[in-house]
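See below for the structure under consideration.
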Amino acid sequence: MQRTFSIIKPDAVKRNLIGHINQIIENSELKILASKKMYLTKNQAEIFYQVHKQRPFFNSLVNYMTSGPLQVQVLEGMDAVAKYRKIMGATNPVEAEEGTIRKLYAESIEANSVHGSDSEENANIEISFFFAGSELV
Ligand code: IDP
Ligand code: MG
């Protein structure tokens, strides 16, 4: 069993897609241990995406991630990190496989509907940035 961290990003929350996306997650045998809607502050968005600080899209990404409420979640299952990356699809929806969340719902390479941790180590860092252990049930 493994845990991963997921965000349903502002573009998807705005379009009422929380349920649609969580259906895909649950159909793939990942359990939603915790889920809450929140706004990211600019400071939280900058910390969360600090690895991309030098990229040309960083400021735009921070603006987008603070543009509306998002849904932060912890998922658990067999190979959760890799499994969730697979059902999310490629970063750029144009390159995403059929049936993936990003192929179905993403608006652009930036407004691409979902985030998923890229390693177990980052999953643990990201989970503890947003959730207390007592919220994971
Ligand atoms: P990932 O979300 O698939 O792991 P990353 O490369 O870690 O992709 O990028 C983080 C987020 O930054 C992406 O999900 C997307 O929202 C945004 N992003 C990545 N590349 C670009 C780009 O070239 N232009 C605009 N936004 C981008
Ligand atoms: Mg990433």
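Is it true that V74 is touching a residue at least 24 places away in the same chain (Cβ under 8 Å), closer than 25 Å to T41 by Cβ and β-branched (V, I, T)? Talk me through it step by step, then tell me what you get.
Working: touching a residue at least 24 places away in the same chain (Cβ under 8 Å): yes; closer than 25 Å to T41 by Cβ: yes; β-branched (V, I, T): yes.
Yes: the conditions hold for V74.
Restricting attention to the range 69-101, report how many residues are of a type outside the set (V, I, T), surrounded by fewer than 23 Cβ atoms within 10 Å (Cβ to Cβ) and part of a helix (DSSP H, G or I).
6
Condition first: more than 11 Å from ligand 1 (Cβ to nearest atom) and surrounded by 11 or more Cβ atoms within 10 Å (Cβ to Cβ). Now tell me which residues in the range 9-22 satisfy that.
Step one: of the range 9-22, the residues more than 11 Å from ligand 1 (Cβ to nearest atom) are 12-22.
Selection gives A12, V13, K14, R15, L17, I18, H20, I21, N22.
Please determine, by comparing only the residues of the range 46-103 that are touching a strand residue (DSSP E or B) at 6+ places or on another chain (Cβ under 9 Å) and among the acidic types (D, E), which one is nearest to T4 (Cα to Cα).
Residue satisfying both the conditions and the ranking: E76.
Table: residues versus (1) more than 16 Å from ligand 2 (Cβ to nearest atom); (2) modelled with pLDDT of 95 or more; (3) small (G, A, S).
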position	(1), (2), (3)
S6	no, yes, yes
R15	yes, yes, no
I18	yes, yes, no
N22	yes, yes, no
I25	yes, yes, no
S28	yes, yes, yes
S35	yes, yes, yes
Q54	no, yes, no
F58	no, yes, no
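State all residues of the range 102-137 that are hydrophobic (A, V, I, L, M, F, W, C), part of a loop (DSSP other than H, G, I, E, B), within 16 Å of ligand 2 (Cβ to nearest atom) and touching a residue at least 40 places away in the same chain (Cβ under 8 Å); if no residue qualifies, say none.
Scanning the range 102-137 gives A106, A111.
Might you let me know whether the range 112-133 holds any residue that is more than 15 Å from ligand 1 (Cβ to nearest atom), in contact with a Leu (Cβ under 9 Å, 6 or more places away or on another chain) and either modelled with pLDDT under 95 or not basic (K, R) (or both)?
yes
The values are calculated or read from the model by the stated rules, or taken from the named source; none is laboratory data. Computed from a prediction, not measured in an experiment: that's the story for all the values here. Cβ: placed from backbone, ideal geometry, glycine included. Neighbour counts: every protein chain shown.
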